[in-house]
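Notes to accompany the following structure.
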Amino acid sequence: MYYGSIKNCDIANGEGVRVTLFVSGCENRCPHCFQPETWDFTYGEPFTRETGDRLLELLAPDYVNGLTVLGGEPFEPANQRDLLPFLRRVREAFPNKTIWVFTGFTYEELHTPGIRACCPETEELLSLTDVLVDGRYVEEQKDISLRFRGSANQRLIDLNKTRASGGLVLLPEPRRGQS
């Protein structure tokens, strides 16, 4: 797996201060994607054990709320194979920090055999994820007032509550005047 960039103090891609990993590679190729350069699976740098170590160091300060993974497409099968052992390390080192993953696939697609993104690693990868931001970016549904997403079809799914309830649970939207 390759990655395009790492941000060590991101407040735009999840709640609180986050470390953000932008993975490379995406076959979805959504029209008007804000990072089409990340469609290339070899864009940026190779993700190595040392890259993972660096990310763990960046996650260590108390003020960092967690890790966000986006892309490219984290749920491309090749990316899942490399992300899974890394997310295990993150969860083991920081059990109280949250992991957010952005994907162009829907939650339902990730559970549908025969869909490219539904592979042997998918269930465990989802089990390590606290919040899934799902759905392809759709220009016709663009809404800059939405929190942490670009189009109205995309959802912020609370995977912990979803697992506990057995039904899909979205993160609540903040009341007007809150962020």
Sequence of S165, S5 once ranked by neighbouring C-beta atoms within 10 Å, starting from the fewest: S165, S5
Under the Karplus curve 6.51 cos²θ - 1.76 cosθ + 1.60, θ = phi - 60°, whole-Hz ³J(HN,Hα) for segment 76-88, x wherever Gly or Pro sits: 5, x, 4, 6, 4, 4, 8, 6, 4, x, 5, 5, 4
Gaussian network model of the chain, springs between alpha carbon atoms under 10 Å - residue of E50, E76, E15 with greatest fluctuation: E50
Whichever lysines have a C-alpha closer than 24 Å to that of K7, once near sequence neighbours (fewer than 8 apart) are set aside: K97
Neighbour-limited loop hits for chymotrypsin sites (Phe, Trp or Tyr not before Pro), segment 56-156 (at most 10 other Cβ within 10 Å; DSSP other than H, G, I, E, B): Y63
Shape category assigned to segment 67-133 from the gyration tensor of Cα positions, a/c cut at 1.5: prolate
Cα extents of segment 2-165 along the three principal axes, largest first (Å): 39, 37, 32
Size of electric dipole in the chain: Cβ of Lys, Arg +1 and of Asp, Glu -1, about Cα centre, debye, nearest 20: 460 debye
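Bear in mind that the values in this text are calculations on the coordinates, not laboratory data. Bear in mind that the values here come from a model prediction, so they are computed numbers and not experimental data. Cβ: placed from backbone, ideal geometry, glycine included. Neighbour counts: every protein chain shown.
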